[in-house]
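Everything on this sheet refers to the single structure shown next.
The values are calculated or read from the model by the stated rules, or taken from the named source; none is laboratory data. All values reported here derive from a predicted model rather than from experimental measurement. As a convention, Cβ positions derive from the backbone with ideal geometry for all residues, glycine included, and neighbour counts pool all protein chains shown.
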Amino acid sequence: MDLLDQFSNINFYLFGTFPKGEVGGLLLNIIMAFLAICFSCVFGIMLGYSRLSCRLYIKLPCIAYIELVRSTPLIMIIFWFYFFLPYLFGGNVTVFWSAVVSLCAYAAAYQAEIVRAGIMAVPKGQLEAALSTGMSRYNAMRYVILPQAFKIMLPSFVSFFVSLFKDTSVTYIIGVMELTQTGIIVSQRQPDKIYAAYLSMAIGFWVVCFTMSHLARRLEKRIGVFDLESIRPDACRDEFMLVPKTKKTGEGVDETPSCCSSDSK
């Protein structure tokens, strides 16, 4: 079996029929994920902030939307928009935009809850102190609350963005020519290359997800995301364990590390 021949369709996996045809493959997954992340961030922040409103006519529709979307499988949401958008706009919506809108609607509901949790995690006294200085509620939220909440939200955002990128593979069900679809086409037309096709799909998704996670970790370190070590540099990881590790002393007696002892400060 010629290894190079098995992976002779690598360009098709990465770019589809581009440049002779439309963009597809892994590049299309990246484009869909990028658009979905950008649009859903805006919608999700607005939705999450509205979710905290005291006005019921604003709060209740947001709760209804969030709970409806979060309790519905992504594949059902994709089918809804795939059949609904062409009916609404006269059949001029491509499967690509049906997929992007579906991913945006799906992601916004989850990001709204991340935003809500991040804002509520900021101590209430921060807002009260900002308002006491004469700042408007809008400026207090913009300059005091949201910068602190963003650091809290960032790890959850990163985890969800990685998951959202993997969810773009579901769009093959409506005919989007992304990486999963290209792998299925190759495996059906060339059965002898089925293992190479599915291996290429796995490697493609892993490389992008690993890169996203690595860049996110660097961003977290750069902006100083809150963690235990930033407050207590002497803290050890054993504090996160249900049963702290012990170490043997010279007399053969187990001893609990000082930073994990009950009387440590």
Any chance ALA108 is outside any loop (DSSP other than H, G, I, E, B), modelled with pLDDT of 90 or more and not hydroxyl-bearing (Ser, Thr, Tyr) = yes
Considering only residues that are among the hydrophobic types (A, V, I, L, M, F, W, C) and in contact (Cβ under 8 Å) with a residue 60 or more places away in the chain, look in region 106-132 and name the one that is surrounded by the fewest Cβ atoms within 10 Å (Cβ to Cβ).
-> MET120
Could you grab me the full set of residues in region 186-196 that are surrounded by fewer than 17 Cβ atoms within 10 Å (Cβ to Cβ) and among the hydrophobic types (A, V, I, L, M, F, W, C)?
-> ILE194
Pairs where the first residue, in region 23-52, is under 29 Å from SER200 (Cβ atoms) and the second is outside any helix (DSSP H, G or I), C-beta under 6 Å, 6+ apart | VAL23/GLY16; GLY24/GLY16; GLY24/MET177; GLY25/GLY16; LEU28/GLU178; ASN29/GLU178
List the number of the failed condition for ILE58; all other conditions in (1) closer than 18 Å to GLY204 by Cβ; (2) in a helix (DSSP H, G or I) hold.
-> (1)
Output the residue which, of all residues in region 133-144 that are hydroxyl-bearing (Ser, Thr, Tyr) and not in a loop (DSSP other than H, G, I, E, B), is surrounded by the fewest Cβ atoms within 10 Å (Cβ to Cβ).
-> TYR138
Residue by residue through region 68-79, note down the ones that are surrounded by 15 or more Cβ atoms within 10 Å (Cβ to Cβ) and farther than 15 Å from THR168 by Cα.
-> VAL69
